[in-house]
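Structure record follows, encoded as structure tokens.
The values are calculated or read from the model by the stated rules, or taken from the named source; none is laboratory data. Every value quoted in this text rests on a predicted model; they were computed, and no experiment measured them. Please note: Cβ atoms are built from the backbone with ideal geometry, for glycine as well, and neighbour counts cover all protein chains shown. Only protein heavy atoms, including side chains, enter the accessible area calculation; ligands, DNA and RNA are left aside. Shrake-Rupley method; radii C 1.70, N 1.55, O 1.52, S 1.80 Å.
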Amino acid sequence: MDEARFREAEEAYAAGDLRAAAKAFLASAGRGKEGNGAAYHRAGNSLMRLRRYSDAVTVYGHALMDEIYEKRGAVWANLGTAQAATGAYDEAVRAYREALEEPGYDADHKALQGMAGALWEMGRVEDAALAYRQAALDTGNRDPGKALNNLGLCLMRLDRPEDAIEAYKAALELPEYKGKGRAAANLGVAFASVGKHEDAIRAFEKAVALYDHTLSPDTAAVYEASRRAATGRAGDREIVEGWVTGEMPPVAPEVRVEEVPGQAPRAEIPGSVRAGVDAMVAVPPGAAVPTVPDATAAGEQGDRMADFFNRTEEQMRESDRAARRDERRDRAASGGRKGPGLWVAGALATVVVLVSAYAAGLGYPTQSGTVKGLLHARGKGTAIEGYWVAVPEKDIDKEMAKVPPSFQGFTIGGVDRSASRSVVEVTLTLDRGAPLRLKLTLAREGVGWKVTGVENDWRSTGGGS
């Protein structure tokens with residue numbers, strides 16, 4: 001790579017001359033594949049800001065040919081954004097997944113949110129909801145409120161307004177979230193859709209008076225319908241879909257791309273006593289998601305929120321499938337009327353799914369999620385105690401001595417699962433020497449998993465001495 005031309009390109013980029021920057025970054029790329037990743041990465045970013053999305057897709061592809069470039073995860077994520085901007089949503093989803101699998105990529109929430117937006121555009125709303133939920137729970141996400149609001153929009157589309165209500169409430173509890181007006185308006189629509197008109201009125205008025213939000217015509221119609229229903233002056237309720245004040249789609253025209261030099265400092269989300277929701281958002285990856293305390297004003301809604309955030313993705317999918325199957329069967333048997341049998345069958349189906357998943361070793365956080373969080377923390381020198389359970393602190397230090405404090409990346413291998421104990425195989429790519437293979441044992445902690453020990457796998461290519 002031509003370092004002089006690269007610096008020239010950086011200066012043009014900083015000055016806002018994006019056309020000159022793109023040309024200079026491309027010119028700075030040398031021949032061959034290795035060593036040119038940064039030049040093509042930055043050229044792609046310049047083209048994205050110029051809204052030349054198809055060209056950016058091509059250039060990011062060249063950046064990914066550099067196998068030794070350390071920012072490959074960011075390139076994959078930016079490629080997904082470019083592909084989504086061109087309407088290639090299925091390709092975008094694949095690119096975002098590659099970013100999530102890339103060793104050393106530590107902005108999972110960005111890839112998850114981008115993936116969720118692409119899934120939404122493809123009509124895969126259930127999958128989009130799962131991705132937004134994961135993005136909200138990622139502690140690297142400095143703005144989880146946006147993911148929670150969009151999660152609520154997905155849940156409204158899935159005809160799950162009660163869960164949507166909890167997602168909107170969670171977004172409103174985050175002090176840093178800038179879109180509280182949208183979330184409050186969406187909360188009002190969700191309340192109205194289940195007939196809670198007084199709650200809907202309060203939410204709409206809060207959106208306007210407290211957060212200075214302007215209601216869209218459709219949302220204003222819902223507000224007025226709730227006012228009439230609450231005072232008994234109206235007949236049928238007028239309800240519209242709940243995403244009219246939302247934040248999707250997340251791509252064009254304003255496209256955010258991840259830059260090469262550094263990243264903004266991460267911030268922990270402050271905790272809150274309201275139904276334990278903020279604590280759920282703030283837990284580090286790999287730490288057990290806290291449940292809602294029993295003695296809270298949230299009551300049954302708080303219990304639903306805890307259940308929603310603690311369920312694994314497959315459990316959520318299977319629970320929804322079972323409920324829909326039971327509903328169709330019940331409607332067929334009763335001429336379209338819902339009866340108590342539907343709810344009993346749905347509850348039994350959910351119990352069966354949860355028990356089966358628990359016995360199979362499923363949980364949230366998953367085994368690989370816990371290990372990934374532990375290794376990221378180790379590499380950054382941050383606290384790792386939250387990823388361990390039933391091990392004294394002095395023994396944690398002894399166990400972690402088997403993991404080098406510095407390494408280039410890691411890959412998760414096989415996972416041996418059981419109901420209460422699991423083993424995860426990991427291969428570390430070291431700064432020097434052969435890769436190091438480790439086996440981490442984990443124990444069930446609540447619905448998730450935590451580490452109990454580390455063993456050297458002497459099948460490592462570097463051997464052991």
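Observations on the model:
- Surface composition of the stretch 131-215: carbon plus sulfur atoms hold 44% of the accessible area, using a 1.4 angstrom probe and ignoring ligands, DNA and RNA.
- Under 21 Å from K402, Cα to Cα: lysines that are on another chain or at least 8 residues apart: K372, K380, K394, K439, K450
- Here I412 sits with roughly 60 square angstrom of accessible surface, probe radius 1.4 Å.
- In this structure the amide hydrogen of F410, modeled in the peptide plane, comes within under 5 Å of the amide hydrogens of G104, T429, none closer than 5 places in sequence on its chain.
- Using a probe of 1.4 angstrom and keeping all protein chains present, the accessible surface of the stretch 96-181 works out to 31 square angstrom per residue.
- F6 accessible area, 1.4 Å probe, all protein chains in place, Å² to nearest 10: 30 Å²
- D416 versus E70: modelled label distance in nm, points set 7 Å from Cα along the beta carbon direction: 3.5 nm
- Cβ-defined net charge surrounding F410, 15 Å radius [Lys, Arg +1; Asp, Glu -1]: -1
- Against the criterion of solvent-accessible heavy-atom surface with a 1.4 angstrom probe, D127, D17 sort, most first, into D17, D127.
- Area of R421 that stays accessible when all protein chains are in place (1.4 Å probe, Å², to 10): 130 Å²
- Look at the dipole of the stretch 102-190 built from charges on Cβ: of G181, G152, V125, the Cα furthest out on the positive end belongs to G181.
- Restricting the stretch 44-137 to GluC sites (Glu not before Pro) in coil, as DSSP defines it, with at most 12 other Cβ within 10 Å: E67
- Other-chain or far-sequence residues with amide H under 5 Å of E445's (modelled H): K450
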